[in-house]
Structures are given as C-alpha cells and as structure tokens.
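A.B. asks: Got a structure for you, written out below as structure tokens; questions coming shortly.
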Amino acid sequence: MDGVVAVRTVLKADGALIALVPSARIFNGPAPLGTTLPFIMLESVSKNDRNISAPGPKRFVRQRVQVTVVASGDVQRQAVLRAVRHAAADQINPTVTGLASVTIHTDGAGPDFFDDDYSGWRGSQDFMTKYSETR
C-alpha cells in the first residue's frame, strides 16, 4: 500500500468527482491510449520513510503523489481538477486499507498543455501524503 492508493481511495469515494469521471477511469499509472475523456492518472513522484534508531512494527512515510487530469477542453479540465482538489485536499485519517494515520494535503500544481498522445488537455495537481505502514 502507498500514497497513490490513499489518494485514489479518497478520489473514488467522492460523489461529485465520480459524477465527472467514473471510477473506472481513475488509473494508477498511465491510462491506456484511446481511453474516453476525461480520465485521471496517479503516479508517485517521490517517497521517503523516516529512519529511526529503534524501529517498531510500523514505518512513517512521506510521499508526493501527482494526479494528472486529461480532458476534452480547458473548461472540463479545470472542473475536474477543482473536483480532485476538493476530494483529496486536507484529508485527515481517511480509511485506507493497509495504512494508518493517513493525511493528504495539496502541494504544487503542474503545467497545463495539450497531450497529443491522448488528444486532450492535460493538467496536474500534486498531493503530499503521510502515513504509517507495516514494516
């Protein structure tokens, strides 16, 4: 389990976001070419765990997760990105199988551009996740 799973879990639990992007079009990693727009891709950007001198059964992890939206136009892209931020920002202790003490906060936003491979407008929002996982 990891921060990507944590972010995906809160996204899929948000009814307003799912009304815009069905949960089947929220992917861990790249979406298959030809996927109907809009869709969401999640990927890990960086991951660090805290080294402590007397480790217990759990490890504290800090992971940056990028959420990328690909949509048919700028208005749709912006709407989905707003819904993504609303769904995942400032989540404290959401229930995520396999993880404890989960928090999710917004981090930087990425550039907006036209993606020729997916034939859609692309934009991204990063989230900083923190959680404890079993060693």
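A.B. asks: Is it possible to state the helix-based mean residue ellipticity at 222 nm for the chain, with each DSSP H run of 4+ residues giving -39500 (n - 2.57), the sum divided by total residues, to the nearest 500 deg cm²/dmol? What is it?
C.D. replies: Result for the chain, helices only: -7000 deg cm²/dmol.
A.B. asks: Please say if the range 1-72 is rounded, prolate or oblate, where rounded means a/c under 1.5 for a ≥ b ≥ c the square roots of the C-alpha gyration tensor eigenvalues, and otherwise the choice is prolate for a/b larger than b/c and oblate otherwise?
C.D. replies: Prolate.
A.B. asks: Something else: Semi-axes of the range 22-113's equivalent ellipsoid from the Cα gyration tensor, sqrt of 5 times each eigenvalue, largest first, rounded to whole Å?
C.D. replies: Equivalent ellipsoid semi-axes, largest first: 30, 14, 13 Å.
A.B. asks: Right, something else. Going by alpha carbons, how many degrees (0 to 90, nearest 10) lie between the helix axis of 74-88 and the longest principal axis of the chain?
C.D. replies: It works out to around 20 degrees.
A.B. asks: Output the antiparallel fraction of DSSP beta bridges having both residues in the range 14-65, as a percent to the nearest 5. Before the final figure, lay out each step's value.
C.D. replies: Numbers: 5 of 8 bridges.
That works out to approximately 60 percent antiparallel.
A.B. asks: Let me ask you something else. So what's the range 59-120 giving for Cα Rg divided by 2.2 N^0.38 Å, two decimals? List each step's numbers first, then the result.
C.D. replies: On the way: Rg = 14.4 Å, N = 62, 2.2 N^0.38 = 10.6 Å.
Expressed relative to 2.2 N^0.38 Å, the Cα Rg reads 1.36.
A.B. asks: Using a 7 Å offset from the Cα along the Cα-to-Cβ direction at both residue 135 and residue 44, what is the distance between the two label points in nm, to one decimal?
C.D. replies: It works out to 1.9 nm between the two label points.
Read the figures in this text as sums done on the coordinates, not as results from a lab. Values in this document were obtained by computation on a predicted structure and should not be read as measured data. Because the Cβ atoms are built from the backbone with ideal geometry, glycine has one as well, and the counts that use them run over all protein chains shown.
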